[in-house]
Amino acid sequence: MRIKNYVQNMCYEIGVIAHSRGVREPRRSHARIVNEKELSIPLDELYGQQP
């Protein structure tokens, strides 16, 4: 239950940030993670395309 709440809250916050930047429908390609080599990688490259 805690993980579900965390994910729901994170999705909400991402939506708020994306919407404030003019993105109507946030996708994994809009989110990026910085890896241990300090390279920024889109989530869709790490985890595949969203259904």
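Any read-out appearing in this document is the output of simple, stated calculations on the displayed coordinates, not a laboratory observation. Since this is a predicted model, take the numbers as computed values, not measurements. For neighbour counting, all protein chains shown are included, and Cβ atoms are generated from backbone atoms with ideal geometry for every residue, glycine included.
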Q. Around Leu39, what is the net charge, scoring Lys/Arg as +1 and Asp/Glu as -1 over all other residues with Cβ under 13 Å from its Cβ?
A. -1
Q.
Could you tell me how many cubic angstrom of Cα convex hull volume the chain has per residue?
A. 100
Q. Tell me, in nm to one decimal, what length is gained between Tyr6 and Val34 on full extension, where the rule is 0.36 nm per residue of separation less the Cα-Cα distance?
A. 8.1 nm
Q: Note down the magnitude of the dipole of the chain about its Cα centre, charges +1 on Lys and Arg C-beta and -1 on Asp and Glu C-beta and zero elsewhere, to the nearest 20 debye.
A: 180
(Q) Could you identify which residue out of Glu36, Glu13, Glu25 has the top mean-square fluctuation in a GNM of the chain using Cα springs shorter than 10 Å? (A) Glu36
